[in-house]
Amino acid sequence: LRHAGLNLAEASSGKWTGQMKISKRGRSRLRRFIFLMTMSLVANNPEFKTMHAYNVQVKKMKKIRSIMKLCGKLARILVGMARRGEAYNPPKTLPIQLAA
């Protein structure tokens, strides 16, 4: 996540604490491609479509915030697939509460 600049950072100074946002200190092109892949997955992949709908409807997230959360999830999935040498496994993608 840090390599892509998708990790969370807080802007704070002294007693003042700001909001948590993505740091954007990584590779901007990698971040752009992960965003485009996530948009495509939300449109075409049933697992990502379900997670996005859950974030927007049940958790009351704004759509772009849900997309950014799914970008982080996609990045973690891709790293896990590369490390283990596995193919994409849909049941592993969904959280436990959505799988049931």
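The values are calculated or read from the model by the stated rules, or taken from the named source; none is laboratory data. Owing to the predicted nature of the structure, the values given are computational and were not obtained by experimental measurement. Cβ: placed from backbone, ideal geometry, glycine included. Neighbour counts: every protein chain shown.
The sole residue among Leu74, Leu94 that is over 23 Å from Ile22 (Cβ atoms) and surrounded by 16 or more Cβ atoms within 10 Å (Cβ to Cβ) is Leu94.
In the range 14-24, the residue that is modelled with the highest pLDDT out of those that are exposed (fewer than 10 other Cβ atoms within 10 Å of the Cβ) and in a loop (DSSP other than H, G, I, E, B) is Lys15. The residue that is surrounded by the fewest Cβ atoms within 10 Å (Cβ to Cβ), counting only those in the range 77-87 that are closer than 20 Å to Leu36 by Cβ and of a type outside the set (Gly, Ala, Ser), is Val79.
Criterion applied to Ala11, Ala4 was being at negative phi, loosely packed, with under 12 Cβ neighbours inside 10 Å, modelled with pLDDT under 90 and among the small types (Gly, Ala, Ser), and the one residue passing it is Ala11. Screening the range 25-93 for helices (runs of 4 or more DSSP H) wholly inside it with 3 or more residues that are modelled with pLDDT of 90 or more returns the ranges 28-44, 46-57, 63-84.
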